Amino acid sequence: MPTIETRLSRRAFIASGLAGGILTTLPAQSQTGSPTMETTIRIDSAVTTLVSVFTLRDPANQPKLVALLQKGVELYSKMQEGGMIATVFLTSRDGTRVIGYSQWQDAAAIDAFRDAFRQEPQMTANMQSVDALVTREGYICDVIYSLHA
């Protein structure tokens, strides 16, 4: 099956999401530190996908939740080299949910991310703040279909 690749600078990707008002994205820096990343959606098991669903207790807290999630991903990306390919957060228009879509090199990289939230004091505090606002579910997935129009 074909591989679909997109190439956007980090600034363009974030700006386009913010302009739409429903997307916040945090692509990981490349291992060389380059601000430009290639995000590839593959229909194979070479990339592991984590889908996280955060359901807010109070929709008014959606902006606060997004800020906390951004901070957590940014903290982790500064602590760890590699593993995370890209992370995108989508916000529901009714304010009740934030959905995280992350691509990882493999399931072990997701486990390292989860371990960091349990072991690193800054990340633990961040997740406690998130948990005060939401209930959450996480699913490790494989992409089985993708259409690029």
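Derivation of every value follows stated rules applied to the coordinates shown; laboratory data play no part. Just so we're clear, the structure is a prediction, and the values are computed from it rather than from any experiment. Counting neighbours? That spans all protein chains shown, and the Cβs are built from the backbone with ideal geometry, glycine included.
Taking each pair of different alpha-carbon atoms in region 47-149 once, compute 1/r for the pair, average those values, and report the inverse of that mean as the Kirkwood hydrodynamic radius in Å to one decimal. All intermediate terms of the calculation are to be shown ahead of the outcome.
Details: mean 1/r = 0.0705 Å⁻¹.
For region 47-149, the Kirkwood estimate is 14.2 Å.
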TODO: Count charges around THR96 for me, please; just the other residues with Cβ under 15 Å from its Cβ, Lys/Arg as +1, Asp/Glu as -1.
DONE: +2
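Return MET127, MET84, MET79 ranked ascending by Cβ neighbour count within 10 Å, so the fewest neighbours appear first. Walk me through the intermediate numbers first.
Values: MET127 19, MET84 23, MET79 13.
The most exposed by this proxy come first: MET79, MET127, MET84.
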